[in-house]
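The values are calculated or read from the model by the stated rules, or taken from the named source; none is laboratory data. Note that the coordinates shown come from a computational prediction; the quantities given were computed from them, not determined experimentally. FYI the Cβ positions are ideal-geometry reconstructions off the backbone, even for glycines, and counts take in every protein chain you see.
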Amino acid sequence: MLSHQLFIGDNALNGNSVFWCNSSLPDLKGSSKGFPKHETRHLSEHKNVARCARFSPDGRFVATGSADTSIKLFEVSKIKQMLLPDAKDGPVRSVVKTYYDHIQPVNDLDFHPQGTILVSGAKDQTIKFFDVSKTNAKRSYRVIQDTHNVRSVSFHPSGDFLLAGTDHAIPHLYDINTFQCYLSANVPDNSPNGAINQVRYSCTGAMYVTASKDGAIRLWDGITANCVRSITAAHGTAEATSAIFTRDQRFVLSCGKDSTIKLWEAGSGRLVKQYLGAVHTQLRCQAIFNATEEFILSIDELNNEVVIWDAMTTDIVAKWPSNHVGAPRWLEHSPVESAFISCGTDRSIRFWKEV
Amino acid sequence: MVDKYNIESAETLANQAQGLPIAEATPIYEQLLQLFPTAAKFWKQYVEAHMAVNNDDAIKQIFSRCLLNCLQVPLWRCYIRFIRKVNDKKGAEGQEETRKAFDFMLNYVGTDIASGPVWMEYISFLKSLPAGHAQEESHRMTVVRKVYQRAIITPTHHIEQLWKDYENFENSVSRQLAKGLISEYQPQYNSARAVYRERKKYFDEIDWNMLAVPPTGSQKEEMQWMAWKRLLTFEKGNPQRIDTASSNKRVIFTYEQCLMYMYHYPDIWYDYATWHAKSGSIDAAIKVFQRSLKALPDSEMLRYAYAELEESRGAIQAAKKIHENLLGDGDNATALAHIQFIRFLRRTEGVEAARKYFLDARKSPTCTYHVYVAYASVAFCLDKDPKMAHNVFEAGLKRFMHEPVYILEYADFLTRLNDDQNIRALFERALSSLPLEDSVEVWKRFVKFEQTYGDLASMLKVEQRRKEAFGEDATAASESSLQDVVSRYSFMDLWPCASNDLDNLSRQEWLTKNMNKKVEKCIMLNGTALIDKGSIPSISTVPSKVVYPDTSKMLIYDPKHNPGTGAVTSGGTNAFDEILKATPPAVVAFLANLPAVDGPTPNVDIVLSICLQSDFPTGQSGKAGIPSQLPGGPAPATSDLSGSSKSHPVQSGLANKPTGRKQYGKRKELDRQEDDDTTTVQSQPLPQDAFRIRQYQKARATSTSQTGSVSYGSALSGDLSGSTG
């Protein structure tokens, strides 16, 4: 969506990046679009810092993980029902389930692309599998024991493989049917501080990207698991905290503790856009796209605001008070509609929805 | 017309009205309720506005309009509040009125899941009634008891509270009697409470705030429709096993509530009516149909369904009235309405009435050829009057000569008469007057007719004429193609050739046509190829071009050997469960298939080592999962298990691993014990590589200190036989 809108009428194979670089041309740039107004509502409260959130691919469920080691699962339709002015017989409970199975803080979550499985990676060095369809299961039904703090998990689009980004500099690839773990056969440079903050597959599984503590963004081949590009110092010496692909796999959006958000061309490793103006130096801040990839959302820790950029023009189009006490730690946008979740260091979860 | 059922504007309008004085608000409410006659929340707001100014007559009038259509507890509670207020100062007579109102109300909404507070209010009202002497007192007691006994078998949110209240009540009346009564009602209460829990799930699915709008096909509407359907099925199943009358009452209540929200859904109305009819109360079904017509005046389906019900129970006049309604004032009646009326008349009043009506209908401006065809078939098939039918068709032909479908119908009719002379004449007449583009089907039928009725010469002649008519160039026309032969000599589903012959023929025909335009052909081929690809339905949501990892190009890493922080030490649950969770699904599936063994448990380690020694056929695939999970080290070279070759990379992976060698999890310990056993039992050579040897020695050293604990193997077999057996 993003690149489609950006490259209307531009069919040249390499013309894309030229277009990006020429953003100084005012007539090509155009004016920024307005980001629709959202309403926000307190959804639930963990017993400790809410650390991460993930929507299911169909947008029906959202799960949040917390430092209190629990995972909450919400049904989005129920959240929306809850937002209605007067629901019958008191408030609707949007939390479908709470899982207490980890013994240390939960770092990241992912839903199986087709099934009803939720996986979680936690500091206790495990990856746990929860069957969302089982109404009375409170615990995982399957566990992968890793060797490191599991900081990030990402399902292969087939759902047969799972990537884990850990304190180890190389992503761990698991075959979820055999639990066999695979590593890249040749890793270029073993960075001393290469712990992976985030790992994400592209939508076909042809590539995956990691954002690591040494500030590098690395692109890995989905077939051989070889590191095909290493953008060292993508965020200077500051940690790279998030990295995601656009849906067409041509660009990577990364966020770092140097208070920058950057868009990279995956093919060339070239920096094409920067989104500036938000301060994020403390938390593992996320830069995310909205469902249409027209906008980018992130956090300003200093002013405790949600900041929204027009993805195309890089202009800030909105700044909203986060309504959390202290800057929120994580943002996650629904893949199907204008709604997102913020997870606060104040333990609370807020739901944002276009009004 | 703009969307008149716009929910947002309705809500804003209602909000506005709330702020206005009653005189100004009334027309707004009336307008809103015209559109949303079942919106209980608007009715409530409307009536409350009147209550604020004590406009009793208006209140009564509004209640009389809405109560029976809106079975919503808050609205009804509003009603009871009003009744109580009005009758407050009227002494005994007023109390009697109030009591009746309560009864009336509970009769309607007493089965609602939210009706608990109403029951409580009624009970406390009854308790508050003054009782002069002992007789009155005991009478009051009986009444209260009866209400309690109804309330505690109704699955509401407050059922547990009501039960407690009831227990207290009985105990306060008489401790001796209480025991008997409570134990008598306990089972009924228990089943009601169980049903409540089930029922609540269905109620929770429903959006009680929704306004009734005509279906637009949105996902939310579909979800709500399904939620209602599920609730209805649930209630129809009589989950509480109560008597039919009470159960039916609940179903009726559910349907009524459903229709508040699904007011514009003909299927719900129909279901409701048929349910009534099936459960024997035709009159109720008729009433539902009448209401449905008020709700959906444009629904012909419902009218026909209604007429059918009337007709089938013998109420011909009523049915006739419905049909006449469908005809309207005659001028704008649809052809279908004419036809159905003719058929209805023929069924109920006989040949003459139908004929008479047909003669009238002919003059209607909306009379199409369908009416002629329909009446002709009535005359032919029902009246057994081919002459009449023929006349009708002939009369119609003057009017509908230009309708190819009419010609075909007429030809069909004549075919049934076996009147080939007339058929031929009809085709000739029609083809001479029909424009070419309308005559395709007629030509086809003509050819087919000649194939059935004609001789070879006439057959070929008609085909030739058809080709000429369609201007296929003379050469192509004169060469009769092989396909024509195929079409002449196939019968029903029997063909004089195979289906690939047909493919070839059509392909060749297509090639002939495009022989001269090669460039275009390429484009078209590409185009069709694309379309073909696109038309393949994708089975799952996986993007079509998913790229899979090639794990053979990667190193195998075995993180399992790290000190188990999660698997073993996460206390509280059964350690076996935890082990099972960390076992690959394939192995779990294998374990689940193992039979339960009573009697002596074999030594797992010995069995395993025997397995390892056995020479299994090589056909076994490495994917089986089990081999790859076997301890890698001692795998003998003689084994053909594909897994054993797989297990070597595990070790190389291990060697790379910087941490996690000092401690061993249970899993590791098993490996070691196995090492011991295999070496002693099978006297295998010691591992060759240095790493294995070191590990082996370490194992020796530690196993003695740890064998005291239950070994993995026996724990596994013990628990498994326990769980499966």
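Just checking, which of A:Phe130, A:Phe111 is aromatic (Phe, Trp, Tyr) and under 15 Å from the mean Cα position of the chain (by Cα)?
So the residue among A:Phe130, A:Phe111 that is aromatic (Phe, Trp, Tyr) and under 15 Å from the mean Cα position of the chain (by Cα) is A:Phe111.
Taking the condition of being over 45 Å from the mean Cα position of the chain (by Cα) and either under 17 Å from B:Lys398 (Cβ atoms) or not in a helix (DSSP H, G or I) (or both), how many residues in region B:432-443 meet it?
Count: 4.
In region A:143-153, which residue that is surrounded by fewer than 23 Cβ atoms within 10 Å (Cβ to Cβ) and within 24 Å of A:Ile231 (Cβ to Cβ) is nearest to the other protein chains (Cβ to nearest Cβ)?
It comes out as A:His148.
Report, by residue number, each residue of region A:161-182 that is at negative phi and facing another protein chain (nearest Cβ under 7 Å).
If the condition is that a residue be at negative phi and facing another protein chain (nearest Cβ under 7 Å), then A:Phe161, A:His172, A:Leu173, A:Asp175, A:Asn177, A:Thr178, A:Gln180, A:Cys181, A:Tyr182 are the ones that fit.
Does A:Leu283 satisfy the condition of being among the aliphatic types (A, V, I, L, M), under 14 Å from A:Ser342 (Cα atoms) and at pLDDT below 90?
When the stated conditions are applied, A:Leu283 passes them.
All but one of (1) within 14 Å of chain B (Cβ to nearest Cβ); (2) part of a loop (DSSP other than H, G, I, E, B) hold for A:Gly267, so report the exception by its number.
Failing condition for A:Gly267: (1).
State the number of residues belonging to region A:234-263 that are in a loop (DSSP other than H, G, I, E, B) and away from chain B (no Cβ under 13 Å).
Total satisfying the criteria: 8.
If I filter region A:112-128 down to residues being crowded, with 23+ Cβ neighbours inside 10 Å and assigned to a strand (DSSP E or B), which single residue comes out as farthest from the other protein chains (Cβ to nearest Cβ)?
Here the answer is A:Leu118.
Can you find a residue in region B:455-470 that is among the small types (Gly, Ala, Ser), crowded, with 18+ Cβ neighbours inside 10 Å and touching a Phe, Trp or Tyr at 6+ places or on another chain (Cβ under 9 Å)?
Looking through region B:455-470, none of the residues is among the small types (Gly, Ala, Ser), crowded, with 18+ Cβ neighbours inside 10 Å and touching a Phe, Trp or Tyr at 6+ places or on another chain (Cβ under 9 Å).
Just a yes or no: is a residue in region A:216-233 hydroxyl-bearing (Ser, Thr, Tyr), more than 9 Å from chain B (Cβ to nearest Cβ), part of a strand (DSSP E or B) and buried (at least 24 other Cβ atoms within 10 Å of the Cβ)?
So far as region A:216-233 goes, no, none of its residues is hydroxyl-bearing (Ser, Thr, Tyr), more than 9 Å from chain B (Cβ to nearest Cβ), part of a strand (DSSP E or B) and buried (at least 24 other Cβ atoms within 10 Å of the Cβ).
Has region A:82-98 got at least one residue that is within 12 Å of chain B (Cβ to nearest Cβ), in a loop (DSSP other than H, G, I, E, B), surrounded by fewer than 16 Cβ atoms within 10 Å (Cβ to Cβ) and in contact with a Gly (Cβ under 8 Å, 6 or more places away or on another chain)?
No, region A:82-98 contains no residue that is within 12 Å of chain B (Cβ to nearest Cβ), in a loop (DSSP other than H, G, I, E, B), surrounded by fewer than 16 Cβ atoms within 10 Å (Cβ to Cβ) and in contact with a Gly (Cβ under 8 Å, 6 or more places away or on another chain).
Here's the yes/no breakdown for (1) closer than 20 Å to B:Arg193 by Cβ; (2) of a type outside the set (Gly, Ala, Ser):
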site	(1), (2)
B:Leu106	yes, yes
B:Gly116	yes, no
B:Met120	yes, yes
B:Phe125	no, yes
B:Ser128	no, no
B:Ala134	no, no
B:Tyr148	yes, yes
B:Glu160	yes, yes
B:Glu167	yes, yes
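Quick one: which residue in B:Glu235, B:Glu221 is more than 14 Å from chain A (Cβ to nearest Cβ) and either closer than 28 Å to A:Ser77 by Cβ or polar (S, T, N, Q) (or both)?
Sole residue among the options that is more than 14 Å from chain A (Cβ to nearest Cβ) and either closer than 28 Å to A:Ser77 by Cβ or polar (S, T, N, Q) (or both): B:Glu235.
Could you list, in sequence order, all residues of region A:217-269 that are of a type in the set (D, E, K, R) and in contact with a strand residue (DSSP E or B) (Cβ under 7 Å, 6 or more places away or on another chain)?
A:Arg218, A:Asp221, A:Arg229, A:Glu239, A:Arg250, A:Lys257, A:Asp258, A:Lys262, A:Glu265
Name, by its number, the condition in (1) at pLDDT 90 or above; (2) surrounded by fewer than 15 Cβ atoms within 10 Å (Cβ to Cβ); (3) not acidic (Asp, Glu) that does not hold for B:Ala92.
(1)
For region B:296-324: of the residues being among the small types (Gly, Ala, Ser) and buried (at least 19 other Cβ atoms within 10 Å of the Cβ), which is nearest to B:Phe36 (Cα to Cα)?
The selected residue is B:Ala305.
Of the numbered conditions (1) more than 27 Å from B:Ala227 (Cβ to Cβ); (2) within 33 Å of the chain's Cα centre (by Cα), B:Arg193 fails exactly one; give the number of that condition.
With respect to (1) more than 27 Å from B:Ala227 (Cβ to Cβ); (2) within 33 Å of the chain's Cα centre (by Cα), B:Arg193 is out only on (1).
Restricted to region A:284-309, and to residues that are within 14 Å of the chain's Cα centre (by Cα) and aliphatic (A, V, I, L, M), which residue is nearest to A:Arg60 (Cα to Cα)?
A:Ala291
Considering only region A:195-209, how many residues are more than 14 Å from chain B (Cβ to nearest Cβ) and more than 18 Å from A:Lys123 (Cα to Cα)?
Residues meeting the conditions: 2.
Run down B:Leu231, B:Leu309, B:Leu296 and say which single residue is free of Cβ contacts under 8 Å to residues at least 40 places away in the same chain, of a type in the set (A, V, I, L, M), farther than 30 Å from B:Ser191 by Cβ and in contact with a Ser or Thr (Cβ under 9 Å, 6 or more places away or on another chain).
Unique residue meeting the criteria: B:Leu309.
Determine which single condition B:Ala333 fails, assuming it passes every other condition in (1) surrounded by 19 or more Cβ atoms within 10 Å (Cβ to Cβ); (2) part of a helix (DSSP H, G or I).
It is condition (2) that B:Ala333 fails.
Is it the case that region B:129-141 has a residue that's touching a residue at least 24 places away in the same chain (Cβ under 8 Å), in a helix (DSSP H, G or I) and in contact with a helix residue (DSSP H, G or I) (Cβ under 8 Å, 6 or more places away or on another chain)?
Within region B:129-141, one or more residues are touching a residue at least 24 places away in the same chain (Cβ under 8 Å), in a helix (DSSP H, G or I) and in contact with a helix residue (DSSP H, G or I) (Cβ under 8 Å, 6 or more places away or on another chain).
With the requirement that a residue be in contact (Cβ under 8 Å) with a residue 60 or more places away in the chain, part of a loop (DSSP other than H, G, I, E, B) and surrounded by fewer than 24 Cβ atoms within 10 Å (Cβ to Cβ), what does region A:295-318 give you?
Within region A:295-318, A:Met312, A:Thr313, A:Thr314, A:Asp315 qualify.
Look at A:Ser342 and say whether it is in contact with a Pro (Cβ under 6 Å, 6 or more places away or on another chain), crowded, with 23+ Cβ neighbours inside 10 Å and farther than 15 Å from A:Cys52 by Cα.
It is false that A:Ser342 is in contact with a Pro (Cβ under 6 Å, 6 or more places away or on another chain), crowded, with 23+ Cβ neighbours inside 10 Å and farther than 15 Å from A:Cys52 by Cα.
Look through A:Ala278, A:Ala185 and report the one residue that is part of a loop (DSSP other than H, G, I, E, B), surrounded by fewer than 22 Cβ atoms within 10 Å (Cβ to Cβ) and either touching a strand residue (DSSP E or B) at 6+ places or on another chain (Cβ under 7 Å) or among the charged types (D, E, K, R) (or both).
A:Ala185
A:Val325: over 18 Å from the mean Cα position of the chain (by Cα), more than 16 Å from A:Ala243 (Cα to Cα) and without any contact (Cβ under 8 Å) to a residue 24 or more places away in the chain, yes or no?
The answer is yes for A:Val325.
A:Asp108 - would you say it is at pLDDT below 90, crowded, with 24+ Cβ neighbours inside 10 Å and either farther than 20 Å from B:Phe203 by Cα or more than 9 Å from chain B (Cβ to nearest Cβ) (or both)?
No.
Could you grab me the full set of residues in region B:64-120 that are outside any helix (DSSP H, G or I) and closer than 29 Å to B:Asn209 by Cβ?
B:Leu67, B:Leu68, B:Asn69, B:Cys70, B:Leu71, B:Gln72, B:Gly110, B:Thr111, B:Asp112, B:Ile113, B:Ala114, B:Ser115
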